[in-house]
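The values are calculated or read from the model by the stated rules, or taken from the named source; none is laboratory data. All figures in this text were calculated on a predicted structure; none of them were measured in a lab. Methodologically, a virtual Cβ is constructed for each residue, glycine included, from the backbone with ideal geometry; neighbour enumeration extends over all protein chains shown. Keep in mind that these areas ignore ligands, DNA and RNA; they rest on the heavy atoms of the full protein, side chains included. Shrake-Rupley method; radii C 1.70, N 1.55, O 1.52, S 1.80 Å.
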Amino acid sequence: MIINKVHKAACHCRAVEFELDLPNGLASPRRCDCSFCRMRGAIVASVNLDGIRILKGQDKLRLYQFNTMTAKHYFCSVCGIYTHHQRRSNPKEYGFNVACLEGVNPFELKDVPVMDGINHPADRK
Ligand SMILES: [Zn+2]
């Protein structure tokens with residue numbers, strides 16, 4: 001698996017294409033067991049807010065929010081695939097769908113940790 005510093009990505013139908021600055025490769029790839037991610041099922045990695053550029057299909061992206069309405073989850077309105085989200089635990093970062101990266105097989109990632117999203121970091125005292 002080769003991760004370039006600037007990496008191309010797309011949803012399944014390619015209505016949405018974007019590129020990411022990944023100077024350190026895949027940053028903290030993880031799954032999450034919160035009520036949403038456990039259904040979505042994607043492996044997520046992090047990128048700075050200015051590290052994603054939507055090249056095509058900005059108008060096809062839809063926003064989903066729930067619970068505290070803090071995180072912003074974006075998905076393609078044509079094929080339904082999750083592309084990226086502005087994180088609740090670190091609003092200065094996006095999480096993005098590792099499976100959207102061109103040339104990257106998420107099944108090659110071993111021992112991907114599961115974040116405790118049921119007890120979300122922002123809810124802990
Ligand atoms: Zn799509």
Original post:
Does LEU55 qualify as being in contact with an Asp or Glu (Cβ under 7 Å, 6 or more places away or on another chain), within 16 Å of the ligand (Cβ to nearest atom) and either open to solvent by 40 Å² or more (accessible area, probe 1.4 Å) or outside any loop (DSSP other than H, G, I, E, B) (or both)?
Top reply: yes
**OP:** Scan the range 56-65 for residues that are without any contact (Cβ under 8 Å) to a residue 40 or more places away in the chain and in contact with a strand residue (DSSP E or B) (Cβ under 8 Å, 6 or more places away or on another chain) and report the count.
**Re:** 4
Original post:
Of all residues in the range 1-28, which are within 12 Å of the ligand (Cβ to nearest atom), hydrophobic (A, V, I, L, M, F, W, C) and open to solvent by 50 Å² or more (accessible area, probe 1.4 Å)?
Top reply: CYS13
Original post:
Residues of the range 86-101 being among the aromatic types (Phe, Trp, Tyr) and more than 16 Å from the ligand (Cβ to nearest atom), which ones?
Top reply: TYR94
Original post:
Which pairs have Cβ atoms under 6 Å, sit 6 or more apart or on different chains, and link a residue in the range 77-100 that is without any contact (Cβ under 8 Å) to a residue 60 or more places away in the chain and within 16 Å of ALA15 (Cα to Cα) to one that is open to solvent by less than 40 Å² (accessible area, probe 1.4 Å) and away from the ligand (no atom under 16 Å from the Cβ)?
Top reply: ALA99/PRO106
Original post:
Can you tell which of ARG31, ARG62 is more than 16 Å from the ligand (Cβ to nearest atom) and not small (Gly, Ala, Ser)?
Top reply: ARG31
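Okay, residues lined up against (1) in contact with a strand residue (DSSP E or B) (Cβ under 6 Å, 6 or more places away or on another chain); (2) open to solvent by 80 Å² or more (accessible area, probe 1.4 Å); (3) assigned to a loop (DSSP other than H, G, I, E, B):
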{"site": "ARG88", "(1), (2), (3)": "no, no, yes"}
{"site": "PRO91", "(1), (2), (3)": "no, no, yes"}
{"site": "GLY95", "(1), (2), (3)": "yes, no, no"}
{"site": "ALA99", "(1), (2), (3)": "no, no, no"}
{"site": "VAL104", "(1), (2), (3)": "no, no, yes"}
{"site": "PHE107", "(1), (2), (3)": "no, yes, no"}
{"site": "LYS110", "(1), (2), (3)": "no, yes, yes"}
{"site": "ILE118", "(1), (2), (3)": "no, yes, yes"}
{"site": "ALA122", "(1), (2), (3)": "no, no, no"}
Original post:
How about the range 65-85: which of its residues are away from the ligand (no atom under 16 Å from the Cβ) and open to solvent by less than 80 Å² (accessible area, probe 1.4 Å)?
Top reply: GLN65, PHE66, THR68, THR70, ALA71, LYS72
**OP:** Give the number of residues within the range 34-51 that are surrounded by 16 or more Cβ atoms within 10 Å (Cβ to Cβ), away from the ligand (no atom under 16 Å from the Cβ) and not in a helix (DSSP H, G or I).
**Re:** 7
